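Asker: Quick one: the structure is below, and I'll ask about it shortly.
The values are calculated or read from the model by the stated rules, or taken from the named source; none is laboratory data. Just so you know, these numbers come straight off a predicted model, no measurement behind them. We place every Cβ from the backbone using ideal geometry, glycine too, and count neighbours over all the protein chains shown.
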């Protein structure tokens, strides 16, 4: 009897999940029809914004996640890039918690000294506390992108840096890889936004090279999939905000 009750509960849960996804899909279709009416205006606006901003993104094909950081104004006080010496030419271990999902991580300060130094500086300053993972891709490219202070792909730490470090020559980023987002063709455009590869992914290099790998998830990847990425995106697409909102609730390295 207990087994039958459990099975019934599981079936009801699956039905609710299916119905929710169907409703999200229906709403997405309605939005797309509505948006077609203003598509021309939206295109003009996007082109204008693109002219005035530095667009950080993966140029690896359809479904690739994007991020952006505003161009500093002439009156803004420049934020210095953290010294590459902070990485101390060693492996840093730590924990990254997304919602209630705890990931154990390693950052390779020897292989990517500048990127790891920047990340360590941001972690130690509390920069990442409460920031979101605003973008999830679910087809061909399997990444969860985090670290934007604006929560919409438009923010950064107030500086950008390079060069590209520790990028795989074959363009293959194994599951668990942690790497930095950057502007297409611009090796000096890395900032605070990073991505976690949750399934093996190929990201072909562009004119600037590949993507800086700063470390890897050493445990918790299965939980990340079960708790966050397996649920897909909020609008049912292969590239968008996670259906389950994701926040960085803890980030520590030592």
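Asker: Does the range 178-197 contain at least one residue that is under 17 Å from residue 146 (Cα atoms) and free of Cβ contacts under 8 Å to residues at least 40 places away in the same chain?
Answerer: yes
Asker: Does at least one position in the range 90-102 carry a residue that is closer than 16 Å to residue 133 by Cα, surrounded by 17 or more Cβ atoms within 10 Å (Cβ to Cβ) and either out of contact with any strand residue (DSSP E or B) (no Cβ under 8 Å at 6 or more places or on another chain) or modelled with pLDDT under 95 (or both)?
Answerer: Looking for residues that are closer than 16 Å to residue 133 by Cα, surrounded by 17 or more Cβ atoms within 10 Å (Cβ to Cβ) and either out of contact with any strand residue (DSSP E or B) (no Cβ under 8 Å at 6 or more places or on another chain) or modelled with pLDDT under 95 (or both), one finds at least one in the range 90-102, hence yes.
Asker: Another one. Just to be sure, is residue 234 surrounded by fewer than 22 Cβ atoms within 10 Å (Cβ to Cβ) and in the same structural domain as residue 130 (by TED's automatic domain parsing)? Talk me through it step by step, then tell me what you get.
Answerer: Values: surrounded by fewer than 22 Cβ atoms within 10 Å (Cβ to Cβ): yes; in the same structural domain as residue 130 (by TED's automatic domain parsing): yes.
Criteria met by residue 234.
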